[in-house]
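Quick note: the coordinates plus some simple rules give every number you see, no bench work behind them. This one's a predicted model, so the numbers in the text were calculated from it and none came from an experiment. Virtual Cβ from ideal backbone geometry, glycine too; neighbours counted across all protein chains shown.
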Amino acid sequence: MSKIERAIISVTDKSGVGEFALELSRFGVEILSTGGTARVLRDAGVSVKDISEYTGFPEMMDGRVKTLHPKVHGGLLAIRDNPEHAKAMKEHDIKPIDMVVVNLYQFQKTVQKESVTLDEAIENIDIGGPSMLRSAAKNFKYVTVIVDPSDYKLVLEEMRNSGGRTSLQTRFQLARKVFKLTSEYDTAISQYLSTVHV
C-alpha cells in the first residue's frame, strides 16, 4: 500500500481524536472532517479541510447529507491499480482517500432513554457514517478504517515503523471490526423498530 496521504475523520466519540489527528498531520496526511469533529481538531491545532470545501457541495438538511458524495465514495472505493478506475478518478477529479476514522451516532444509547420519541430515534440513525465505513472496509486492500479509538495507537505505531503506511493484515483486521459494528448497529435499529408502532 502507498503512504497514507488523505483521511476523513468524523466521530461521535471524540476521545483522543485531536491527538491522533495531530500525529497524522505530522506524517503529512491531509485531514478532511465535518461539523463538530472539525472544530475539535482545529482546537487541537490540526489543519482541517471541511468536507463541504472538499466536495464543493454544502452540508444540508440538518446534517443528513454531508459525506454522501462521489468525491468521498469514489475516493474510498476506487481500486487503485485498476486503469478504468484511475481514468474515472482523473476525469471526475476524485482523489484517493486512504483512511477513514468514523464512529456512529449513538443510536443504542438514545433509545435507552425512557422518554425517547420515534422521531428522536430516527434522527439518531446514522447513514453517512456506516456508508463510509462500509466503503472503506470493502476496499481494505487500499484503505485503513478505524471505528475504535483504542486502535489509534496501533495504527500510529505501524505508520511510524513503515514510513506512513499500514499493513494489509492490520487493514483486514480493522475492516472486520467495521462489519461487526455495522451488523450490530443495524440489529439494534431493527430490534427497536420492532417495538414501536406508527
Next item on the list: Taking the options 110, 182, name whichever one is farther than 20 Å from residue 6 by Cβ, hydroxyl-bearing (Ser, Thr, Tyr) and in contact with a Leu (Cβ under 9 Å, 6 or more places away or on another chain).
Entry: 182
Next item on the list: Might you check whether a residue that is surrounded by fewer than 17 Cβ atoms within 10 Å (Cβ to Cβ) and within 27 Å of residue 81 (Cα to Cα) occurs anywhere in region 180-195?
Entry: no
Notebook entry, point to check: Do you know which residues across region 139-158 are closer than 24 Å to residue 74 by Cβ and buried (at least 19 other Cβ atoms within 10 Å of the Cβ)?
Noted result: 139, 140, 142, 143, 144, 145, 146, 147, 155
Notebook entry, point to check: Of all the helices (runs of 4 or more DSSP H) wholly in region 60-176, which have at least 3 residues that are under 27 Å from residue 194 (Cβ atoms) and without any contact (Cβ under 8 Å) to a residue 24 or more places away in the chain?
Noted result: 118-123
Item checked: Options 155, 101, 145; residue that is in contact with a helix residue (DSSP H, G or I) (Cβ under 6 Å, 6 or more places away or on another chain), under 19 Å from residue 27 (Cα atoms) and aliphatic (A, V, I, L, M) -> 145
Check: If we scan region 75-93, do we find a residue that is closer than 26 Å to residue 151 by Cβ and touching a Phe, Trp or Tyr at 6+ places or on another chain (Cβ under 7 Å)?
Finding: yes
Margin query: Suppose the filter is loosely packed, with under 15 Cβ neighbours inside 10 Å and either closer than 24 Å to residue 49 by Cβ or touching a Cys at 6+ places or on another chain (Cβ under 6 Å) (or both); does residue 127 pass it?
Written below: yes
Item checked: Residue ID - nearest to residue 165 (Cα to Cα), chosen from residues in region 20-59 that are of a type outside the set (Gly, Ala, Ser), touching a residue at least 40 places away in the same chain (Cβ under 8 Å) and out of contact with any strand residue (DSSP E or B) (no Cβ under 8 Å at 6 or more places or on another chain) -> 27
Notebook entry, point to check: In this structure, is residue 166 crowded, with 16+ Cβ neighbours inside 10 Å, in contact with a Ser or Thr (Cβ under 6 Å, 6 or more places away or on another chain), among the β-branched types (Val, Ile, Thr) and over 26 Å from residue 107 (Cα atoms)?
Noted result: yes
